[in-house]
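Here's the structure we're looking at; comments come further down.
The values are calculated or read from the model by the stated rules, or taken from the named source; none is laboratory data. Note that this is a predicted model, so its numbers are computed, not measured. All Cβ positions, glycine included, derive from the backbone under ideal geometry; neighbour counts span all protein chains shown. For accessibility, only protein heavy atoms count, side chains too; no ligands or nucleic acids. Shrake-Rupley method; radii C 1.70, N 1.55, O 1.52, S 1.80 Å.
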Amino acid sequence: MGTATTEADEWADAPVARRPGRAAGAWIAALLLLGVSIVVGCRIADTDGITPVPQIIAFLPWLLAPTALALLLAALARWRIGLVWGVLAAAAIAWFIEPYGKTSEPKGTPVAELRVLTSNVEFGQATDELIEIVRSEKPDLVFVEECETSCDEKLTQALGSDQAQGARGTYPYRQAVEGYGSDGSVILSRYPLKPAPGVRGTMGMPGATADVKGREVRVQLAHPMPPLSAHVDDWQRELRALRDYAAADRTRPTILAGDFNASQDHAAFRRILDTGLRDGARLTGDARTPTWPARTVPAFGAQIDHILVSEDFAANRARFLDLKNTDHRSLLLDLTLHERDDA
């Protein structure tokens, strides 16, 4: 009996290296914490890093799950360094979960109420569902990504008309970049549109100037390349182009909307916000509502579809709409345009 007790005591006091189960748990915990720390370190350093960081960092809040598992394994292994490491990693993630960007409200006189919709219809597959949403919700501006030629034709037939024949229809004004697959994009508007150069990219990003009750409002669709491992440089370059567009003119009201393929945890996206634009969902308290991927149960994902607005706008309500046949949720945002207070 005494011998058995002595052996048990020696086993309990043995270092992790002499206890295979605990050693394995400590190693797994270390690997999990190393991966999490690389991503969090890039977030702290305000950089998107290299593959696979740009792909993973969009899901930064979800890194709490592997961190919690690592803490559990470290506790079971009685690995004190791992416990401290895990607590620090969890604290850093929690800190960066806080929404990013400014939230000041405009002070000028209200001029107009606008409802804005952005929707990625995934190669045009969700066009019919989008038409139903537009008819029921009646947005004033509609930004449609991945709207290939048949999608564009359906939208024009159902919602618009030929501007050359008197601009009749529910959405008589449009600005588009035609294309196949994911290349095509369309802006539909109840307000008159003047063509603008848009932002050059691999996929179509049309731009225009809307006449909203006599006020010129810059409108620009965003759809940069996704940060696939072979296209990270393209993704960063096109987000920089969107940032340059936002910074080029701060004198006129601006709406920059679409599928940014980036969340607030991407440094390249935060650069756009740093020009002074506000994220509409952030203004309504919905900054962390996932928009992609839309087909997970329970909801798991990142908010990569955004409606960014200049300080001339107040955001009143945001809704995230589920459409069949697309992997994105649509974002519907109610805005109020204010006179700019130059005092």
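Each pair of Cα atoms in region 176-317 enters the Kirkwood radius, and Stokes-Einstein at 4 °C and 1.567 mPa s then converts it into a translational diffusion coefficient of 83 µm²/s.
Can you show me the helix-derived [θ] at 222 nm for the chain, built from DSSP H runs with n ≥ 4 at -39,500 (n - 2.57) apiece and divided by the number of residues, rounded to the nearest 500. Walk me through the numbers on the way to the answer.
Numbers: 10 runs with 122 residues, N = 343.
Value at 222 nm, helices only, nearest 500: -11000 deg cm²/dmol.
Treating only the Cβ of Lys, Arg, Asp and Glu as charged (+1, +1, -1, -1), what charge dipole size does region 211-343 show about its Cα centre? Round to the nearest 20 debye.
The calculation lands at about 220 debye.
Comparing Cα centroids, region 83-125 and region 286-343 end up 8 angstrom apart. Averaged over residues, the count of other Cβ atoms within 10 Å places the peptides 42-49, 279-286, 219-226, 242-249 in the sequence 219-226, 279-286, 242-249, 42-49, highest first.
Shape summary of the chain, radius of gyration then Dmax from alpha carbon positions: 24.5, 100 Å.
Expressed as a whole percent, the accessible surface of the chain that belongs to carbon and sulfur atoms is 57, based on a 1.4 Å probe.
For the chain, the longest principal axis of the alpha carbon atoms and the long axis of helix 149-159 meet at an angle near 60°. Computed extension length for residue 322-residue 237: 27.6 nm, one decimal, from 0.36 nm per residue of separation with the Cα-Cα distance subtracted. Taking only Cα atoms, what is the 0 to 90° angle, nearest 10, from helix 64-76's long axis to the longest principal axis of the chain? Between the helix axis and the principal axis of the chain, the angle is about 0 degrees.
Rounded to the nearest 10 degrees, the angle from helix 232-248 to the longest Cα principal axis of the chain is 50 degrees. In this label model, residue 132 and residue 44 are separated by 4.9 nm, measuring between points 7 Å along each Cα→Cβ vector. Label-to-label distance for residue 339 and residue 229 is 5.7 nm, based on points extended 7 Å past Cα in the beta-carbon direction. Per residue, the accessible area of the chain comes to 47 Å² when a 1.4 Å probe rolls over the protein heavy atoms.
Taking 4.7 Å between C-beta atoms as the pairing limit, the chain has these partnerless cysteines: 42.
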